[in-house]
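Take a look at the structure below.
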Amino acid sequence: MKNIILSCVILLSVSHLFGQAFKNPPEGAAALSQAGVFIAQSDDASAIVHNPAGLVQIEGQQFILGSAFLYPVTEVKTTAYKGNSEETIAYLPYIFFSTDTGKGSPLHLGIGITFPYGQSTEWSKTAVRNWGYTVPYYSAMQTMNISPVVAYKITPSLSAGAGLNIYNSKLNMKYLVPVSPPVPPLEFSGKLDVDGTTTGWTAGLLYRQERYSIGLRYKSDFKIEYDGDFKMAGTELPAEMEINFPDNIGIGIAFFPNDRLKIELDGEWFGYSSIKRIPVSISGFPPYIEKNWDDIYTIALGTEYKNSDRIKLRGGIIYIPTPIPDSTWDPSLPDADSFVITGGGEFSTRIGIFNLLTGIHIFDERNIEKGAPYDGEYQSTGYFINLEYKRQF
């Protein structure tokens, strides 16, 4: 039994815990259709997560319900294996509600439910065998965030907002664990299920003039201590893990050349260097998963054009460098530097406002040469659409 536990620990020490992307796409159609560019605009209820100070721009009550649907695929070519990741479709629902506290009141309130971190990656068991059992064949994370916020209009041009983030996260990983000395090895299926809850906070400022606006937002880092079990060969063992999620600073500058057009440039910093190592404890064995991720900066350009009183058109592009160095990269998270291009439209009707958008996530080819059994070429692409319903009361 001790040998089996140690085999599982070794697998964990070289496996990532996340899916196709560490951070999910930005929530809300207005932001996502502009490749996430929304910090200086933030003029609907999704401002709850993008810049809570923007809620002061919404009169009355507003309700938003939507979901993004993602289809990621990774092509791989190594000396031991050639193929694709397993085909899966992920969906990321979200809901927002905002309200003022009376006509003309400077105080506004809001609450949102989103899934900011997660997705999943699945490889065939044949691939895992060819890679020497060094990665799980399935790994998934689901992280829900409940965000109550408050915003206040300090002056006609300046507003501030802040809120609490209540995170609940679940990790699920499935492994093939070989037991020597049989050749081929005898295999066991192992499954890790852990979850945890914690809190963080968000704060933002918005300065708005007739022809431009400036937004600033900060999201705190947070640590989740996961607790659960590891099951294999009829045995259930207690399991614990700990992940330090990054803090984030974003700034946006929007220009309004006329009443119909907005052009915005956003830049963000993510403190991924918080992910140096991840402690793992299974039945008294406390190894560390080395990560040594890097901080990154992203830059994005987005635009919105009001074609008529009922139709808005949007588009955007963002560059996202990967935080994962070659030294700790593996196929559980086939990440690389990438671009995201999006476009969509908003359509007002008598029963509410409908948003539809589509986009593509294009990754650079990643060549891994570090003596690992999965050394080779990896090319990932992600496709997604977003459907949303918005109602003003």
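The values are calculated or read from the model by the stated rules, or taken from the named source; none is laboratory data. Note that the structure is a prediction, hence the values are computed from the model and not measured. So basically every Cβ, Gly included, is an ideal-geometry build from the backbone, and we count neighbours across all protein chains shown.
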Self-check item: Candidates Ile368, Ile360 - the one that is within 18 Å of Glu75 (Cα to Cα) and free of Cβ contacts under 8 Å to residues at least 40 places away in the same chain
Solution: Ile360
Self-check item: Test: residue in region 316-339 that is of a type outside the set (Ser, Thr, Tyr), closer than 24 Å to Tyr212 by Cβ and either surrounded by fewer than 14 Cβ atoms within 10 Å (Cβ to Cβ) or under 16 Å from the mean Cα position of the chain (by Cα) (or both)
Solution: yes
Exercise. Look at Ala127 and say whether it is at pLDDT 85 or above and not in a strand (DSSP E or B).
Key: yes
Quiz item: Is it the case that some residue within region 156-173 is assigned to a loop (DSSP other than H, G, I, E, B) and farther than 19 Å from Asp44 by Cβ?
Solution: yes
Quiz prompt | Yes/no for Phe96 being outside any loop (DSSP other than H, G, I, E, B), aromatic (Phe, Trp, Tyr) and closer than 30 Å to Gln209 by Cβ | solution = yes
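Which one is modelled with the lowest pLDDT among residues in region 161-177 that are over 20 Å from the mean Cα position of the chain (by Cα) and either among the charged types (D, E, K, R) or surrounded by 18 or more Cβ atoms within 10 Å (Cβ to Cβ) (or both)?
Among them, the one singled out is Val177.
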Quiz item: Taking region 114-124, which residues are buried (at least 17 other Cβ atoms within 10 Å of the Cβ) and either at pLDDT 95 or above or hydroxyl-bearing (Ser, Thr, Tyr) (or both)?
Solution: Thr114, Tyr117, Ser120, Thr121
Practice problem: Could you figure out which of (1) within 20 Å of the chain's Cα centre (by Cα); (2) within 30 Å of Gln379 (Cβ to Cβ) isn't true of Val76? | Solution: (1)
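Tally time: how many residues in region 23-69 are aromatic (Phe, Trp, Tyr), surrounded by fewer than 24 Cβ atoms within 10 Å (Cβ to Cβ) and closer than 21 Å to Gly315 by Cα?
The total comes to 1.
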Quiz item: Which of (1) under 30 Å from Tyr218 (Cβ atoms); (2) surrounded by fewer than 18 Cβ atoms within 10 Å (Cβ to Cβ); (3) of a type outside the set (S, T, N, Q); (4) modelled with pLDDT of 95 or more is the odd one out, the single condition Lys276 does not satisfy?
Solution: (4)
Exercise. Filter region 273-313 for residues that are more than 30 Å from Asp259 (Cβ to Cβ), under 17 Å from the mean Cα position of the chain (by Cα) and among the hydrophobic types (A, V, I, L, M, F, W, C) and give the result.
Key: Ile275, Trp293, Ile296
Quiz item: Which of the residues belonging to region 340-384 are surrounded by fewer than 22 Cβ atoms within 10 Å (Cβ to Cβ) and of a type in the set (S, T, N, Q)?
Solution: Ser348, Thr349, Thr358, Asn367, Gln379, Thr381
Quiz prompt | Per-region count, region 269-304, residues in a strand (DSSP E or B) and either over 28 Å from Pro26 (Cβ atoms) or in contact with a Lys or Arg (Cβ under 9 Å, 6 or more places away or on another chain) (or both) | solution = 14
Exercise. Scan region 19-77 residue by residue and report those that are among the small types (Gly, Ala, Ser) and in a loop (DSSP other than H, G, I, E, B).
Key: Gly19, Ala21, Gly28, Ser33, Ala35, Gly36, Ala40, Ser42, Ala45, Ser46, Gly60
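How about region 255-268: which of its residues are outside any strand (DSSP E or B) and either surrounded by 14 or more Cβ atoms within 10 Å (Cβ to Cβ) or polar (S, T, N, Q) (or both)?
Phe256, Asn258
How about region 209-251: which of its residues are among the small types (Gly, Ala, Ser) and at pLDDT below 95?
Residues satisfying the conditions are Gly228, Ala233, Gly234, Ala239.
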Quiz prompt | Criterion: in contact (Cβ under 8 Å) with a residue 12 or more places away in the chain and more than 19 Å from Phe96 (Cα to Cα) - qualifying residue of Gly352, Gly376 | solution = Gly376
Practice problem: Look through region 63-103, keep the residues that are farther than 30 Å from Ala30 by Cα and aliphatic (A, V, I, L, M), and return whichever of them is modelled with the lowest pLDDT. | Solution: Ala80
Quiz prompt | Residue, modelled with the lowest pLDDT, within region 308-367, restricted to residues that are part of a loop (DSSP other than H, G, I, E, B), among the polar types (S, T, N, Q) and closer than 22 Å to Gly118 by Cβ | solution = Ser332
